[in-house]
Each structure stands twice: as structure tokens, then as C-alpha cells.
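Heads up, the thing below is written out as C-alpha cells.
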Amino acid sequence: MFSSATGPVTGTNDKGFTLIELMVVIVILSILAVYMAPRLVGRDDQARQLRAKVDIEALETALKLYRLDTGRYPTTQQGMEALVEQPEGVSNWREGGYLEKKRLLKDPWGNEYVYLSPGTHGDFDIISYGADGQPGGEGVDADIKSWELE
């Protein structure tokens, strides 16, 4: 049997994948998912911890610029709010503030950074309480402290 435009007609369809080929692909993708998923899941927590460290370093830089302009660090009562709004009685405050986006940063878990000045470990301390938002903890709940950054 011949068709004038397409050549011989055999009655089989050679297009597409067989069920076995599809099963092989599914098995390969499943194996990759089993090995890759745990690695990718752990990266989210590591990324948040790294972002908290970078934020703390940025806040330290902003506080040092504040000190250069005003002659002192903001008090604990003034808090880091002094980086975005001029505190009462402070002169030589930089117009526009000291943070790029003109708003206070929150840690990657949505909590406020803790600021103490004078600090117990230096002129000031900045702390993120980690994923649980509570002092102490281990792993993703561990505190990230300005005086422990490398």
C-alpha cells in the first residue's frame, strides 16, 4: 500500500515516546530529585543566615558613618531608628539618613534587629535572634551577633 504524498503506509505510528521511554525518564528524574532536594532545602536557611550577616555589616557601616557625622553612636533608646530619622538634639545628621532605602532593615525572618549602645561587646551590639526570634538556639534558630562575625 502506497500513499501518493507520504510514501508507504504501514499502520504504525512512529511519532512520540513509548511507555518504557517515558518510565525511564521518570525514574531518572526521581533519582535526581531524591539526591538534589535535600541539598536545595538546606540552602534556604543558609541563605537567610548569610543575609542576616550582610545586613548586620551594613548596619555597622551606617552606624560608623552616623558616628563620624554626629560624634557618637545612637543610644539604645534612640535605636537604629536614628539612622533613618534625625533624633532630637542631634546635630550634623546627614540629610536623607544613613540607610540606602531610608527604612530600617528587618532580619530575614521578619524580626527587628536588636541594638544596644553601649554594647556588652563593644561600642554597640547588633543581634538577630534567628528563625525562632528568641535569644539562644542552635542551627537556624542560632543568634547572629555583630561581635561574632568574621
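No value in this document is a laboratory result; all are computed from the given coordinates. For clarity, every value in this text was computed on a predicted model and none was experimentally measured. Cβ atoms come from the backbone with ideal geometry, glycine included; neighbour counts cover every protein chain shown.
In a DSSP loop and with at most 10 other Cβ atoms within 10 Å, the GluC sites (Glu not before Pro) in segment 89-120 are GLU95, GLU100. When the inverse distances between all different Cα atoms of segment 56-150 are averaged and flipped, the Kirkwood radius reads 13.8 angstrom.
Positive-end ranking of LEU68, TYR115, LEU104 along the dipole of segment 62-118, with charges on Cβ about the Cα centre, is headed by LEU68. Please give the net charge around TYR66, taking every other residue with its beta carbon less than 11 angstrom from that of TYR66, where Lys and Arg add +1 and Asp and Glu add -1. Its environment carries a net charge of +2.
All other residues whose Cβ lies under 13 angstrom from that of ARG94 are scored, Lys and Arg at +1 and Asp and Glu at -1, for a net of -1.
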